[in-house]
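What follows is one structure encoded as structure tokens, with my remarks underneath.
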Amino acid sequence: MAGEAEGDLMFAVVVQERGEAERVRGSRDHVEANVVPQVRNAPGIVSATFTTDQGGRTLNLFLFQTEDAAQMAAEWIRGAPRPPFMRLETVELREVLAHF
């Protein structure tokens, strides 16, 4: 399992946003067509998961091969343009303890 040896360390960027519930839930096509391709090309990306709840809150998790790649992504996310109905709440950088 990754994370067992020092060379296997990965880092996560955890992003929380909030928006108008109906518009967030209706943004699946936009995310798949526009956001996913950008994230897929991020240096060091391992995986990405985009989630939402019924209230318009999102919780997105991005795993990176290195801390530097995760930090660069976190900085980009903080400054990235958002639709007017979305508001960035938090961007956190975390060390991954285990991943499968």
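For the reader, a short list of remarks on this structure follows.
- Residues that are at pLDDT below 95 and of a type in the set (D, E, K, R), drawn from region 72-100: R82
- Taken over region 72-100, the residue count meeting the criterion of being free of Cβ contacts under 8 Å to residues at least 60 places away in the same chain and within 15 Å of V46 (Cα to Cα) is 1.
- Within region 31-46, the set of residues being without any contact (Cβ under 8 Å) to a residue 24 or more places away in the chain and loosely packed, with under 15 Cβ neighbours inside 10 Å comprises E32, A33, N34, V36, P37, Q38, R40, N41.
- Strands (runs of 3 or more DSSP E) completely within the chain that count 2 or more residues being of a type in the set (G, A, S), under 12 Å from the mean Cα position of the chain (by Cα) and at negative phi: 45-52
- Failed item in (1) closer than 19 Å to L88 by Cβ; (2) in contact (Cβ under 8 Å) with a residue 60 or more places away in the chain; (3) in contact with a Lys or Arg (Cβ under 8 Å, 6 or more places away or on another chain); (4) of a type outside the set (D, E, K, R), with T52 passing the rest: (2)
The values are calculated or read from the model by the stated rules, or taken from the named source; none is laboratory data. What you are looking at is a predicted structure, and each value in this text was computed from that prediction instead of being measured. Please note: Cβ atoms are built from the backbone with ideal geometry, for glycine as well, and neighbour counts cover all protein chains shown.
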